[in-house]
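Peer 1: There's a structure below that I have some questions on.
The values are calculated or read from the model by the stated rules, or taken from the named source; none is laboratory data. As the structure is a prediction and not an experimental result, all values here were calculated from the model. Ideal geometry is used to build each Cβ from the backbone, glycine not excepted, and the neighbour counts take in all protein chains shown.
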Amino acid sequence: MAQVELNAPAPDFALTDYQGNEVTLGQFKGQQRVLLVFNRGFF
């Protein structure tokens, strides 16, 4: 698994939203966003 260094810019990635549309991090460049990651393995 690749690791990101502390305070380094996040790499561009794509995920699907709740409607099934692909969303990339690059689409939000220049905007302030908060990224929340939930590990499903603990549920």
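Peer 1: Looking at the range 3-25 only, could you name the residues that are surrounded by 10 or more Cβ atoms within 10 Å (Cβ to Cβ) and either over 10 Å from the mean Cα position of the chain (by Cα) or not hydrophobic (A, V, I, L, M, F, W, C) (or both)?
Peer 2: 12, 24
Peer 1: Follow-up. In the range 21-43, what count of residues is obtained for those that are at pLDDT below 85, assigned to a loop (DSSP other than H, G, I, E, B) and either among the hydrophobic types (A, V, I, L, M, F, W, C) or at positive phi (or both)?
Peer 2: Matching residues across the range 21-43 total 6.
Peer 1: Consider the range 2-20. How many of its residues are in contact with a strand residue (DSSP E or B) (Cβ under 7 Å, 6 or more places away or on another chain), over 16 Å from residue 36 (Cβ atoms) and in a loop (DSSP other than H, G, I, E, B)?
Peer 2: Total satisfying the criteria: 1.
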